[in-house]
Amino acid sequence: MIDREQVLHVARLARLELSEDEVGRMTTELSKILDHIEKIGELDLEGVPPTSHVVEVTGALRADVPRPSLPREVAFENAPDIADDGFRVPSPQAHA
Amino acid sequence: MTQVRDLTAAQAADAVRDGKLSATELFDAYRDAAAADELNAYLYVAEEPNVSGGDLHGVPLAVKDLFCTKGVISQSGSKILEGYKPPYTATVVENLEKAGAPLLGKTNQDEFAMGSSNENSAFGPVQNPWDRERVPGGSSGGSAAAVAAGTAPWALGTDTGGSIRQPAAMCGIVGLKPTYGAVSRFGMIAFASSLDQAGPLTRDVTDAALLLGHMVSKDPCDATSIGRPDEIALPRSHKLDGIRLGRPDDLSTEGVEPGVMEAYERTLKLAEDLGATIETCHLPHADHGISAYYVIAPAEASSNLARFDGVRYGLRSNGGDLLSMYTHTRHDGFGAEVKRRIMLGTYALSSGYYDAYYGRAQRVRTLIATDFKQAFENVDFVVTPTAPTTAFKIGELADDPLAMYLNDYFTVPMSLAGIPAISIPNGLSDGRPTGFQLAGPAFSESRILDAAYALEQAIGFDGSETRK
């Protein structure tokens, strides 16, 4: 189960604005999905190590040698807004 | 010669090599067919071939939208990347271009590969060529529909929990998910990094082997790529002598369409006629695959999709201050399913819930991988139906996300274990294609392809009906 307050909290963590309608639907749908997922709570997992990578790979390191990176002007090609050789964003503080 | 587009990809490559067909004629035939596509399978069609020659002799390739292709739209089916043209090309696409497969077009998909029906694309649903009122499956739905409709000789897709195999099954074609790490993920717009793998969608098993052979590489830009298996042999075997097929007794067949089960049983009998033995095998934790997957995949997605913030590329919606710009951009740019998974993943990783969800799911993943390892001590392959049902109607499951997720029931366990699996056409149920899935141990692709080829010859599925 997940309630409306939790949905709003998680949306804040995810930097996601949700409409009133979306909050309602999310509460119902996520609760149903979480009920299903909670079946894994029934398993005895004592002593079972977690898997974060399925295929055993060791020493996957490359030589620490500098290589050319994406040229600045290419990196800017898709940017919504640039200024002074950087990505321009709105101020962190709202203007009056 | 018959119609150019009647040839399989391997036959077309041979015809060009032998001078019976020009690569230009071949490309033009597919370019015209792709441009005239009525299924909404394509989001972009190339004008001219960008490469020629090589081992693949100019046989054109349809590529799922989420692969970055330099200077060509790569949107991962999302409004947040609408019109995005990346500055580089994905390694696997580059490998195939070097081998002589020019880019034919970019195919429609569920947004960020999240979905089992292609209805989650920001650019509209794709129709199944077997029945235009039905979905092609997903998330590689455009790639599957294009190959089934004969508007592409073959296509690239990606599979995170079944996104190559399930649409292949629903469209009556072959789809292979390689071992995790076989193919570089560099340049694939990420969904769930510990699960995503690129693979071929093709008309037959031979084409899948030919394409996969040129996809595999160890890539300095993807530390998880391994460059194995070394060589993918073209399949030849017509027999299954001594092969042990494992039929899992722990996976529930409740909810499996009767026609899908009948086709599965029929093919097991065929396999016995070819010399195989059918043995019961145990995957005691596979039934929990969906639960573990729908924690792990959304958790990784919520992290991967944090990059879409309106700063460096893609959509920006302003809302006053910086924080509002982020939240408005993500509200306007992501579709309903993507928001649902970001929420699910963020919740599963949030303080106080991490151990109960993500931590547990990662442990269940270990159990499932161990189940397969133990099963493969007694059998060569695990075999299941690919998807529980044939293609459903567009809109039929749109309001029931959980029912949609259960479509991945038979494909998710292999994804969690990182092992290779193929879906081959397995006849029709009620006039619609069904799929037969074979899974083997890590890096057993050549053996899987061999067994799949023998079964393919015995099943004798005719997919020409939908190719016009």
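The values are calculated or read from the model by the stated rules, or taken from the named source; none is laboratory data. On a predicted model such as this, the values are computed, not experimentally measured, just so you know. Glycine also receives a Cβ, built like all others from the backbone with ideal geometry; neighbour counts cover every protein chain displayed. Note: accessible area is taken over every heavy atom of the protein model, side chains too, but ligands, DNA and RNA are not part of it. Shrake-Rupley method; radii C 1.70, N 1.55, O 1.52, S 1.80 Å.
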Q: Given the peptides B:417-430, B:170-183, arrange them by the average over their residues of other C-beta atoms within 10 Å, most packed first.
A: B:170-183, B:417-430
Q. Along the Cα-to-C-beta direction of residue B:85, a point sits 7 Å from the Cα; which residues of segment B:298-316 have their amide N less than 17 Å from that point?
A. B:313-315
Q) Can you give the relative contact order of segment B:203-276 as a percent, counting alpha carbon pairs under 8 Å and 6+ residues apart? A) 30 percent
Q: Whole number in Å², please: accessible area per residue of segment A:1-84, 1.4 Å probe, ligands, DNA and RNA not counted.
A: 69 Å²
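In the structure shown, do any of B:339/B:393; B:98/B:468; B:64/B:339; B:64/B:468 have a Cα-Cα gap over 26 Å, and if so which? Walk me through the numbers before you get to the answer.
Values: B:339/B:393 23 Å; B:98/B:468 30 Å; B:64/B:339 21 Å; B:64/B:468 22 Å.
Beyond 26 Å: B:98/B:468.
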Q: Would you please give the residues with an amide H less than 5 Å from that of residue B:429, counting only those at least 5 places away or on a separate chain, with H modeled from the backbone geometry?
A: B:434
Q: Report the paramagnetic label zone for residue B:221: residues of segment B:51-84 whose backbone N is under 18 Å from a point 7 Å from Cα along the Cα-to-Cβ axis.
A: B:51, B:63-76, B:84
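Where does the charge balance sit around residue B:283 when Lys and Arg score +1, Asp and Glu -1, over other residues with C-beta under 9 Å from its C-beta?
-4
So for chain A, what percent of the C-alpha to C-alpha distances run longer than 21 Å?
On the way: 3209 of 4560 pairs.
Here the long-distance tail beyond 21 Å is 70 percent of all Cα pairs in chain A.
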Q: Starting at the first residue of segment A:23-36, write each ³J(HN,Hα) from the Karplus equation 6.51 cos²θ - 1.76 cosθ + 1.60 with θ = phi - 60°, in whole Hz, x for Gly and Pro.
A: 4, x, 5, 4, 4, 5, 5, 5, 4, 5, 5, 5, 4, 5
Q | Relative contact order %, chain A, counting alpha carbon pairs below 8 Å whose residues are six or more apart | A | 19 percent
Q) In a Debye calculation with equal point scatterers on the alpha-carbon sites of chain B and no solvent, what is log10 I(q)/I(0) at q = 0.09, 0.10, 0.13 Å⁻¹? A) -0.52, -0.65, -1.14
Q) Which value, in square angstrom to the nearest 100, describes the accessible area buried between chains B and A on both sides, using a 1.4 angstrom probe? A) 5200 Å²
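What average count of beta carbons from other chains do you get within 10 Å of the Cβ of residues in B:418-427?
Working: counts 4, 2, 0, 0, 0, 0, 0, 0, 0, 0.
Whole-number average of other-chain Cβ neighbours for B:418-427 is 1.
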Q: Could you check how much of the accessible area of chain A is carbon and sulfur, as a whole percent, using a 1.4 Å probe?
A: 51 percent
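To the nearest whole number, what is the average tally of beta carbon atoms from other chains within 10 Å of the beta carbons of peptide B:303-309?
Details: counts 0, 0, 2, 2, 0, 1, 2.
Per-residue shielding by partner chains comes out at 1.
Counting Lys +1, Arg +1, Asp -1, Glu -1, what net charge surrounds residue A:40 among other residues with beta carbon under 9 Å of its beta carbon?
Numbers: positive: A:39, B:360, B:363; negative: A:38, A:42.
My count for the surroundings of residue A:40 gives +1.
FRET efficiency for residue A:67 and residue B:3, Cβ-Cβ distance as r, R0 = 45 Å, nearest 0.05? All intermediate terms of the calculation are to be shown ahead of the outcome.
Details: r = 47 Å, r/R0 = 1.05.
FRET efficiency, residue A:67 to residue B:3: 0.45.
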Q) How big is segment B:38-96 by Rg and Dmax over its Cα atoms, in Å? A) 12.2, 37
Q: Calculate, for chain B, the solvent-accessible area per residue in square angstrom, rolling a 1.4 angstrom probe over the heavy atoms of the protein chains.
A: 32 Å²
Q.
Report for the protein assembly as shown the percent antiparallel among DSSP-assigned beta bridges with both residues inside it, nearest 5.
A. 70 percent
**Q.** Efficiency of FRET from Cβ geometry, residue A:46 and residue A:5, R₀ 51 Å, rounded to 0.05
**A.** 0.95
Q. What ³J(HN,Hα) values, in whole Hz, does the Karplus curve 6.51 cos²θ - 1.76 cosθ + 1.60 give for segment B:444-459 when θ = phi - 60°, with x put for Gly and Pro?
A. 9, 3, 5, 5, 4, 5, 4, 5, 5, 5, 4, 5, 4, 5, 6, 6
Q | Ranked packing of B:286-293, B:352-359, B:29-36, B:76-83, most packed first, by mean Cβ within 10 Å | A | B:286-293, B:76-83, B:29-36, B:352-359
Q.
At R0 = 45 Å, how high is the FRET efficiency between residue A:81 and residue B:14 if r is their beta carbon distance? Nearest 0.05 is fine.
A. 0.30
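What does the structure give for A:34-47 when I average, per residue, the other chain Cβ atoms found within 10 Å of the residue Cβ?
Details: counts 8, 1, 6, 16, 4, 6, 14, 4, 2, 9, 1, 8, 1, 1.
If you average over the peptide's residues, the count of other-chain Cβ atoms is 6.
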Q: Using only Cα positions of segment A:1-42, each an equal point scatterer, no hydration layer, compute I(q)/I(0) via Debye at q = 0.17, 0.33 Å⁻¹ and quote the log10 values to two decimals.
A: -0.46, -1.10
Q: For a quick protection proxy, order the peptides B:137-149, B:55-67, B:431-443, B:224-236 by their average other-Cβ count within 10 Å, most packed first.
A: B:137-149, B:55-67, B:431-443, B:224-236
(Q) If you average the alpha carbon positions of segment B:216-255 and of segment B:271-306, how far apart do those two centres end up, in angstrom? (A) 14 Å
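Please report the carbon-and-sulfur percent of the accessible area for chain B; probe 1.4 Å, protein heavy atoms only, DNA, RNA and ligands left out. Before the final figure, lay out each step's value.
On the way: 6970 of 14910 Å².
Here it works out to 47 percent.
Could you grab the relative contact order for segment B:1-144? Cα pairs under 8 Å, six or more apart, rounded to a whole percent. Before the final figure, lay out each step's value.
Numbers: 316 pairs, mean separation 33.5, N = 144.
After rounding, I find 23 percent.
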Q) Using a ≥ b ≥ c from the Cα gyration tensor of the protein assembly as shown (square roots of the eigenvalues), is it rounded, prolate or oblate, where a/c under 1.5 gives rounded and otherwise the larger of a/b and b/c decides, a/b for prolate? A) oblate
Q) Tell me which lysines have Cα within less than 19 Å of residue B:373's Cα, excluding those fewer than 8 residues away on the same chain? A) B:177
(Q) What is the sum of charges, Lys and Arg at +1 and Asp and Glu at -1, for the other residues whose Cβ falls under 11 Å from the Cβ of residue B:400? (A) -2
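Would you kindly state how much longer the chain becomes between residue B:254 and residue B:468 on full extension, computed as 0.36 nm times their sequence separation minus their alpha carbon distance, in nm to one decimal?
Details: separation 214, 0.36 × 214 = 77.04 nm, distance 3.66 nm.
Here the answer is 73.4 nm.
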Q.
Explain nothing, just compute: Karplus ³J(HN,Hα) = 6.51 cos²θ - 1.76 cosθ + 1.60, θ = phi - 60°, for every residue of segment B:67-80 in order, whole Hz, x for Gly and Pro.
A. 7, 5, 10, 4, x, 10, 3, 9, 10, 6, x, 10, 5, 5
